[in-house]
1. In segment 401-471, which helices (runs of 4 or more DSSP H) lie fully inside it and hold 3 or more residues that are at pLDDT below 75 and open to solvent by 30 Å² or more (accessible area, probe 1.4 Å)?
2. Pairs, please: C-beta under 8 Å, at least 6 apart or cross-chain, first residue farther than 23 Å from P332 by Cβ and open to solvent by 10 Å² or more (accessible area, probe 1.4 Å) and in segment 507-530, second among the charged types (D, E, K, R) and modelled with pLDDT of 90 or more?
3. Can you give me the number of residues within segment 200-218 that are out of contact with any helix residue (DSSP H, G or I) (no Cβ under 8 Å at 6 or more places or on another chain) and open to solvent by 70 Å² or more (accessible area, probe 1.4 Å)?
4. Mind telling me which of the residues V253, V270, V228 ends up being closer than 17 Å to G346 by Cβ, hydrophobic (A, V, I, L, M, F, W, C) and open to solvent by less than 10 Å² (accessible area, probe 1.4 Å)?
5. When the residues of segment 9-25 are filtered to those that are of a type outside the set (A, V, I, L, M, F, W, C) and either open to solvent by 10 Å² or more (accessible area, probe 1.4 Å) or under 13 Å from F194 (Cα atoms) (or both), which remaining residue is farthest from the chain's Cα centre (by Cα)?
6. Please name all residue pairs, on different chains or six or more residues apart, with Cβ atoms under 8 Å, provided the first residue is in segment 259-280 and is on the phi > 0 side of the Ramachandran plot and the second residue is aromatic (F, W, Y) and open to solvent by 20 Å² or more (accessible area, probe 1.4 Å).
7. Hey, among the residues in segment 375-400 that are surrounded by fewer than 18 Cβ atoms within 10 Å (Cβ to Cβ) and polar (S, T, N, Q), which one's modelled with the lowest pLDDT?
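The values are calculated or read from the model by the stated rules, or taken from the named source; none is laboratory data. Here the structure is a predicted model, which means the values were calculated and not measured. Don't worry about glycine lacking a Cβ; one is built from the backbone with ideal geometry, like all the others, and counts go over all protein chains shown. Keep in mind that these areas ignore ligands, DNA and RNA; they rest on the heavy atoms of the full protein, side chains included. Shrake-Rupley method; radii C 1.70, N 1.55, O 1.52, S 1.80 Å.
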Amino acid sequence: MHYYFFHGKGGVGKTTIASAFAVKLSLNGEKTLIVSTDPASNIGDVFEQNIGGTEKKIEGLNNLYAVEMDSDTEILKYKKRVLGDNENLLPQEVIEMIEEEFRSPCVSEIAFFNSFTEFFLKKGYDNIIFDTAPSAHTLRLLELPLEWTTYLDEVKKGAGMTCMGPVVNLDGYYDQYRTALNALKDTDLTTFIFVMHPQELDFNEIKLSADEIKKLGITNIEIIVNAVLPDELSANNDFKEAVSLQREILKQVDSSGYKTSKIYLKGGEVKGLSSLIDFFAGNALNDKSNGIERSEITNAKREGAALNVYNFNDNLENIKEENNKFIKTITPQKTPFYFFFTGKGGTGKTTSSLLFGKYFASHGKKTLVISADSSYHTARVMGIDISNEIPKKLDGNYELYLAKISPTQALDEYKAKTVEYFKSYSNNEDSFKVLEEELNSPCTEEVAVFKKFSSYFVGYKDFDIIIFDAAPTGHALRLLYISLEYAKMNKKDLELERFVNILKDCNKTMFSLCLYPEFSPIEEAKRAYDDLKLAGINVSFLVVNYILTDIYKDSFFKNMKRLQDTYLFSIKEKFNIPAFFIPKSINEINNPDSLDKLYSMVI
């Protein structure tokens with residue numbers, strides 16, 4: 001048995017590469033299971049098959065199986081395992097109390113984690129491949145085996161209680177957690193593969209993440225650089241600098257000390273078995289099996305199925321004109337006003353947050369951009385330090401500030417306030433021991449971050465606009481659902497009630513979904529759109545990123561542009577709400593100058 005983890009920031013191609021690798025192993029006669037631990041999984045989209053939360057054989061291949069872990073399914077499984085037959089024997093008031101406990105975000109974390117570690121006990125497979133969630137979520141998942149095994153030992157010494165109640169509910173999992181951790185650290189059993197684009201921010205994040213997992217004893221690390229521009233584009237003056245910059249990044253990756261490989265940018269979309277089978281074949285630059293004359297094009301072609309669906313063509317000046325018309329319509333007159341940018345990892349949330357922040361600030365609005373993503377790319381792009389949570393003003397003639405939500409700092413503050421509150425009402429030492437055990441639980445961080453998140457809706461009243469560079473879709477939605485559920489359980493918390501009301505009020509808050517014109521981001525955005533609507537939140541507009549404009553006239557991009565035109569029509573058809581368009585920048589947006597250049601192109 002061998003375990004493979006595919007890991008990296010959102011949008012770099014983890015799912016595609018993990019899926020293609022799984023196909024390759026299965027074709028070699030190795031029975032393989034691919035598992036998605038991402039709350040916003042799209043393995044089914046890549047294989048063009050329905051998968052779901054139970055192991056399912058991939059149609060068309062003899063040795064490949066897949067499963068998409070789902071938090072609701074995992075909670076039900078966990079509940080059944082914990083309660084067993086007792087549910088039918090317990091009094092109604094006890095059942096109601098347990099049901100309330102199972103609705104808590106803490107239980108969701110435990111249930112999801114338990115199922116994750118169960119895969120390390122499975123037999124009958126030659127390989128298990130984990131298509132992991134974006135960086136911060138995956139690292140949290142990997143830290144849990146160590147945290148929980150240590151935590152359970154410490155809890156036993158105290159009152160024997162956890163955030164789930166008596167520790168006996170968790171004690172049966174101890175060996176399972178330890179087995180998972182030992183497997184992760186065994187270089188003969190586990191390979192950890194980072195996927196990145198040939199960009200500075202990607203590589204910096206990988207170096208940090210690699211250092212983190214090495215602290216856990218995971219050392220069998222490899223790097224795959226995806227979407228490398230072909231050398232032939234260096235003959236095109238528009239791309240000469242970009243190719244050169246990528247080659248510099250590749251040199252840095254090669255000298256990192258890790259085993260590395262590269263995959264050239266494909267001439268079209270990789271989706272469906274045929275393209276996955278051919279994905280690694282010679283790593284051809286113009287592999288005609290990848291995305292050319294796909295059924296999506298031939299089936300979806302219609303009159304006007306190009307950018308003119310949105311009343312402009314692919315000329316940069318026309319995009320800029322339409323964007324200016326749109327952004328004026330959403331510039332709020334009443335303040336404070338809140339904007340959320342959310343979406344699949346790699347869809348341009350950080351870039352969008354900074355572009356809109358710069359626009360509002362330059363038009364007389366005191367604006368704060370808050371990074372709710374632990375990668376803090378806003379600060380990296382702008383080249384400043386936001387190591388503390390105090391808003392920091394950027395250099396310039398207008399008032400644009402950056403801040404962040406730090407999970408560690410949020411947890412410390414939450415612990416201190418909770419202990420202070422407890423001691424003001426009680427001096428019972430036994431009760432205080434139980435409280436300490438609760439506060440040391442890995443679950444406590446979730447609540448602490450949420451409390452910090454909501455505080456921005458009652459504090460910082462001197463800002464006209466607060467923009468949240470939110471976490472990727474699954475995590476952002478989870479955070480929002482926690483807030484709404486938490487509000488129901490704490491009806492006397494007026495501050496929280498006000499916060500939830502602001503979230504739902506389109507006259508005070510706007511939600512924007514970031515996506516780009518490819519199948520998976522569109523489908524994932526639609527799921528997020530529907531989920532938000534169920535929570536009473538309407539998405540006000542889209543940000544459609546990575547538009548191939550007339551700069552991308554090289555024949556290499558011909559098939560990409562044809563696909564993009566079709567998907568732009570699909571976006572209009574699925575959502576039918578206003579959109580702001582960001583052209584695909586030839587170079588990486590990783591510093592103030594590159595952001596300024598993009599800003600001048602779009603607004």
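1. Numbers: elements: 407-423, 429-439, 444-455.
It comes to 429-439, 444-455.
2. As it stands, the answer is K526/K574, since those pairs meet every condition given.
3. Total meeting the criteria: 5.
4. Working: V253 fails: closer than 17 Å to G346 by Cβ; V270 fails: open to solvent by less than 10 Å² (accessible area, probe 1.4 Å).
Sole residue among the options that is closer than 17 Å to G346 by Cβ, hydrophobic (A, V, I, L, M, F, W, C) and open to solvent by less than 10 Å² (accessible area, probe 1.4 Å): V228.
5. Initial filter on segment 9-25 (of a type outside the set (A, V, I, L, M, F, W, C)): 9-11, 13-16, 19, 24.
Filter once more, so that each one left must be either open to solvent by 10 Å² or more (accessible area, probe 1.4 Å) or under 13 Å from F194 (Cα atoms) (or both): 9-11, 13-16, 24.
Numbers: K9: 8, G10: 6, G11: 9, G13: 13, K14: 12, T15: 12, T16: 16, K24: 26 Å.
Taking the candidates together, the pick is K24.
6. none
7. It comes out as N388.
Per-residue answers, yes or no, for (1) modelled with pLDDT under 85; (2) over 22 Å from the mean Cα position of the chain (by Cα); (3) surrounded by 17 or more Cβ atoms within 10 Å (Cβ to Cβ):
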site	(1), (2), (3)
I537	yes, no, yes
Y546	no, no, yes
D550	yes, yes, no
K553	yes, yes, no
L563	yes, yes, yes
D596	no, yes, no
V602	no, yes, yes
